[in-house]
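The values are calculated or read from the model by the stated rules, or taken from the named source; none is laboratory data. Given the structure is predicted, the values throughout are model-derived calculations rather than measurements. Here the Cβ positions follow ideal geometry from the backbone for every residue, glycine too, while neighbour counts run over all protein chains shown.
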Amino acid sequence: MKPLTKLSPEELQTIKYYDDNAQLWSEKHGLNNNIELMFQPEMDKLFKPIPKGKILEVGTGHGGDAIQLISHYGLKNYIGCDASRGLLKIAKSRNPGASIKFLSIYDLNFNNSFDSFWASAILIHIPKKRLAQALGKLHQSLKKGGIGFISIMEGSADMEESRPGRYYSLWQQPEFEKELSKVGFTVINKRKMENVQPVSSPWLGYLVKST
């Protein structure tokens, strides 16, 4: 596998956590877990305006969301990626034949190739100083007028080690939405989810359109 673009120590530690704990983490975040189901409304809203076409999933994780994305768009229209080899192995076993690549978000090299994207719980691990680069890669991958989903965690800490081995970037809504606008995304829908256990920080789900 091709090496990842240079990552920060915090990013490398976070990836190592997922590599070392891939099976345990996946068992705690299974298909019937409330954490995974909390973004079902956003997935349904994505499917309505984009009933067909190609989709990119960034941060495939254990491949739970991929099952639904592939079911809707078709195996040949789905490409997924993740920077954790441990999670990739599980995702591929759950989605036989799917194209799921070992890539970080910074390594995406698609130009106007996808009708939609799904980036759930991936930008929470991106340092704030690299968010513009990450969002730019998502925008670059999407066709004009395409729609994507992004979820983040709300708060004021920057790369907070709120759980052992993993670092998080927390955002205020105006702050994050300004970054979306800078790269050419328009927010078409957003939702705040509070008291989602075992996470203490609220989640923010965004549907965005490439303009």
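Brief remarks on what is shown
- Restricting Ile100, Ile50 to residues that are within 26 Å of Met193 (Cα to Cα) and either in a loop (DSSP other than H, G, I, E, B) or touching a residue at least 40 places away in the same chain (Cβ under 8 Å) (or both) narrows the list to Ile50.
- The requirement of being among the β-branched types (Val, Ile, Thr), surrounded by 16 or more Cβ atoms within 10 Å (Cβ to Cβ) and over 19 Å from Pro49 (Cα atoms) is not satisfied by Ile67.
- The residue that is nearest to Asp19 (Cα to Cα), counting only those in segment 53-73 that are of a type in the set (S, T, N, Q) and not in a loop (DSSP other than H, G, I, E, B), is Gln68.
- Filtering segment 152-169 to residues that are part of a strand (DSSP E or B) and modelled with pLDDT under 90 leaves Glu160, Glu161, Ser162, Arg163.
- Test: residue in segment 33-47 that is outside any helix (DSSP H, G or I), at pLDDT below 95 and surrounded by fewer than 15 Cβ atoms within 10 Å (Cβ to Cβ): yes
- Condition check for Ile90: within 20 Å of Gly61 (Cβ to Cβ), of a type in the set (Val, Ile, Thr), in a strand (DSSP E or B) and touching a residue at least 24 places away in the same chain (Cβ under 8 Å): no
- Selection status of Lys178, charged (D, E, K, R), modelled with pLDDT of 95 or more and farther than 26 Å from His62 by Cβ: yes
- Filter result for Glu175 (charged (D, E, K, R), under 22 Å from Lys209 (Cα atoms) and without any contact (Cβ under 8 Å) to a residue 24 or more places away in the chain): yes
- Out of Lys143, Lys128, sole residue that is under 18 Å from Pro51 (Cα atoms), basic (Lys, Arg) and touching a residue at least 24 places away in the same chain (Cβ under 8 Å): Lys143
- Test: residue in segment 20-39 that is in contact with a Gly (Cβ under 9 Å, 6 or more places away or on another chain) and within 18 Å of Phe185 (Cα to Cα): no
- Selection within segment 103-122 - in contact with a strand residue (DSSP E or B) (Cβ under 9 Å, 6 or more places away or on another chain) and part of a helix (DSSP H, G or I): Ile105, Asp107
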